[in-house]
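Below: the structure, in C-alpha cells.
The values are calculated or read from the model by the stated rules, or taken from the named source; none is laboratory data. Only a predicted model underlies this, so the values are computations on that prediction, with no experimental measurement involved. Backbone-built Cβ (ideal geometry, glycine too); neighbour counts: all protein chains shown.
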Amino acid sequence: MEEHEITSLLPPWLVHSKNYSLVITDLEGNYIYTNDIFKSRFSFLASDFTGMPFSESIHPADTEKCNLAAYHCITHPDEVVAVKVRKPDNLEGDFYWTQWEFSLFKDKNNEPKGILCIGHDITESMRTAQMAIEFAEKTEKIIENFTDGFYVLDKEWRFIKTNRVTENIFNISQENLIGKVIWDIFPEDTHLYYAKQFRKAVLENITVNFEDYNQLLQQWFKFTAYSSPEGLTVFFRDVTLEHQIQAELKNSEYKLRAILDSSTDSNILISPDLKVLSVDKTAKRDSIKTQGQEIKEGDDFSQYIVKGTEKEFKEDFTKALAGENIILEKELLFENGLSMWFEASYAPVYDEDGKIMGVSFNATDINQRKQAEQKLIESEYMLSAIYNSTSEANSFISLDFKLLYFNKVASEMIQDMFQKEPQIGDDYFDYILPHLKEEFRQDFEEVLKGNTIRKEKTDGAKWYQFSIFPVYNLNNELVGLADNVIDITESKQNELQIIAQNEKLKAIAWHQAHKVRRPVATILGLIALIKEENDLSEILLYIDFLQHATNELDQVIHTIVGYTQDMK
C-alpha cells in the first residue's frame, strides 16, 4: 500500500499527533508507515523506517512479546492488545519504557494488511510506580529499623501495625499485639497521662508531644502521636535513662553552682549573640563594685563592656567563638574612676554535639599581684642601678656554671678580654682565661662548701682582684655564687712602686750606714792627726789622704743621689 492510501484510512489527529507515536507494520513485521512524531523521536536510528524490521527499534528482550501481540491481533481481529515495550533512547544503548496498543490494520476492503500500533512514553509513570514500590519497601524497612517504638491504632483503638522496638519494650510479640485494644493491655488510669493525650489527638485532629511514666513498666516514655486516616499513629521511646541523667545533671549543676559561687574568680557564660547565660556570685559582686549594677542572666553583655575596650573585646570574643582560648592581662579604668588589673580568659564552650554554644569569660582580680610586681620591678631597677654604678664587675653564676646575671662593668670587661658580648645562660667557664680555668674550678668547689675566695691575678697587662663567695636564698639554701672582679692595675702599680722605693731607701740607709761612715771616720781621724802634727811633710801626706777620703765620700754621695732620683 502506498503512504497516501494508508493515511486516507487513518484519522488526521492521529497522523499529526504530538503525543502519540503511530506505526504500521506489514504481516511480516516490517514497517510500512510511521507518523512524524515517531520519525522525529527515533531519527538517530534511521531517516526512513519503511521496510525496516520492527525489531530494530525495540529492546531485544521485547521482540517475542511484540510477536505474540501481533499474532493475537491476527487471530482475534476485533481485539486490541496492550503491550509495554522498551524503546532505545540513544545509540549508547539506553532504553526507556513505552505503552502500546496493537490492533489489526485493514484496507478499505476490510482485508488485513498489517498491525497498527499506537504508543506513548510511560517512563515517568513507570519510574513513579517503581519509586512508590521502593518507597513503600523503604518505609517498611525504616519503620522496622526505628530506634523509637512505633505503632498505629485504628479508630477502635486496636493495634494494626507495630515495629520490633515496640515488641521489645512491651515484651509482647507483634503477632499477639496486632488486633488487640490498647486499653486491654494498658488500662486507662487517672495516673496515666498518655490516655488523655491520645484521645485529645484523635478528637481534635492534632499532634501531641508529651512524656509519661508507665507504672506497669516502671519506665519513662516520650510520645509523639498524631491523628491519621487509620486512627492514631504513635512514636515513642524510652527516656528513663535521660530522666536519670537529668536528675544527676541537676545535682551536678547544684554542685557546680556551689563551686563557682565559692570561687574568687568572676565566671560568665555568654551566648554568641552576647546574652548572659550564666553568672556566678563573684561576677555579680564585681559588676556592682566596678559598674554600679548587678549583672544578671539574660542581660545583654555589651552593656558591661568597659568603654574604650569594645574593639579588643569583639576581636577576642570572635576568636573564642572560632575555637581559640584567649588569656590576657589588662588594666581597666571604669567610669567611676576605679582602676583595676584583671587576668581575663575567653574559652569556647561546646554542647553535647560538639558545637560551640557560647564563650566562657573568666576574670581574676590580680591588682595586688600587679602592685607587688611593680614593686619588684622598681626594686630590680634600683638593684640594677646600684650594680651598674659600681666599678666592680659583678656576675651571678648558677650551681651548674651558667651565667644568670652580670652588670655593665662585667659585660665590658668580658668583651674587652674575650671580644664577645656575654649573654644570660652562657657557660661562665667560657669567660675564664685558659690558664686559670682549673684553679677557678677548684675555687668554685670551695665556695660551694660555703667558703669565700679572694685572689689577685694578672693577665700580663693588668691586675685584677677576684672575690668569689656563696649566694643563699631566703631559706638559706645555696643557689649559686657571686664573682666580683675589680681592676686593681693602678693600685697594684702604686704598691709595686712603693715596694721598689722601700728597697731603694733600704739601699740608701745601707750606704749611709756602711759606705758614708768609713770615709767620714777617715777624714775625722786625719784632721785630728793634722792638728797634732808639726812636721810639714807629714801634714802634706795627711792632706793627700784627706783628699782621697773626701773623693770617696763624694762618690758615695753621688750613689745615694742616684738612688734618690730613681725613686721619682
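Filtered by the rule that a residue be part of a helix (DSSP H, G or I) and either polar (S, T, N, Q) or closer than 12 Å to Val485 by Cα (or both), region 441-467 gives a lone residue, Gln442. For region 267-295, the candidate set comprises residues that are basic (Lys, Arg) and modelled with pLDDT under 90; within that set, the residue that is surrounded by the most Cβ atoms within 10 Å (Cβ to Cβ) is Lys284.
If you go through region 303-327 and keep only what is more than 16 Å from Ala363 (Cβ to Cβ), in contact with a helix residue (DSSP H, G or I) (Cβ under 9 Å, 6 or more places away or on another chain) and in contact (Cβ under 8 Å) with a residue 12 or more places away in the chain, you end up with just Glu324.
Region 271-357 holds strands (runs of 3 or more DSSP E) entirely within its bounds, and those carrying 2 or more residues that are of a type in the set (A, V, I, L, M) and touching a Phe, Trp or Tyr at 6+ places or on another chain (Cβ under 7 Å) map to 326-333. Among the candidates Ala82, Ala70, which residue alone is closer than 17 Å to Ser21 by Cβ, exposed (fewer than 13 other Cβ atoms within 10 Å of the Cβ) and in contact with a Phe, Trp or Tyr (Cβ under 9 Å, 6 or more places away or on another chain)? Within the list Ala82, Ala70, the selection yields Ala82. Taking every residue in region 213-226 that is basic (Lys, Arg) and pairing it with any residue that is assigned to a loop (DSSP other than H, G, I, E, B), at least 6 positions away or on another chain, the pairs with Cβ-Cβ distances below 7 Å are Lys222/Val239.
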